[in-house]
Amino acid sequence: MSRALALAGLVLASMTACVVAAPAQTSPPPRRQCLSATETLDVIAANRLAGPSETLGKAAGAARAEPLGARLCRWNEDFVYEITLLRADGRVLRVFVDAASGKVVGSPSEN
């Protein structure tokens, strides 16, 4: 009986040591976090940002592509639109546009 208790204590001590020795795994905060439709309306009004339709239309015209969608995201400290476009060759293009200035701020390789 005492041998079984000693073995159980050893196993428990080993398990505790493994748990304590395991490094804490924390994930970095997301670089880009997109907003819901309701949040988007509130943020646009509060920050006087361009609307998604206007931004989508300008991006589609500049890229000579069909507009598919736009969503407002918080990217680090800024608000950006993630614009999705369809090119004539069938490729889907994703462009990131600063919601305040209208300037392109990122390429697909940066997402």
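Which number in (1) out of contact with any Asp or Glu (no Cβ under 6 Å at 6 or more places or on another chain); (2) closer than 15 Å to residue 44 by Cα marks the one condition that residue 73 misses? Here residue 73 meets the rest and fails (1).
Only residues that are more than 17 Å from residue 43 (Cβ to Cβ) and either at pLDDT 95 or above or of a type in the set (D, E, K, R) (or both) were counted in region 94-111, giving 3. For region 31-41, the condition of being in a helix (DSSP H, G or I) and surrounded by 13 or more Cβ atoms within 10 Å (Cβ to Cβ) holds for at least one residue. Within region 69-81, the set of residues being under 10 Å from residue 55 (Cβ atoms) and touching a residue at least 24 places away in the same chain (Cβ under 8 Å) comprises 72, 80, 81.
The set of residues in region 54-83 being touching a helix residue (DSSP H, G or I) at 6+ places or on another chain (Cβ under 9 Å) and of a type in the set (Val, Ile, Thr) consists of 83 alone. Inside region 56-111, residues that are of a type outside the set (Lys, Arg), loosely packed, with under 14 Cβ neighbours inside 10 Å and assigned to a loop (DSSP other than H, G, I, E, B) make up a count of 9.
The values are calculated or read from the model by the stated rules, or taken from the named source; none is laboratory data. Please read these numbers as outputs of a predicted model, since none were measured by experiment. Counting neighbours? That spans all protein chains shown, and the Cβs are built from the backbone with ideal geometry, glycine included.
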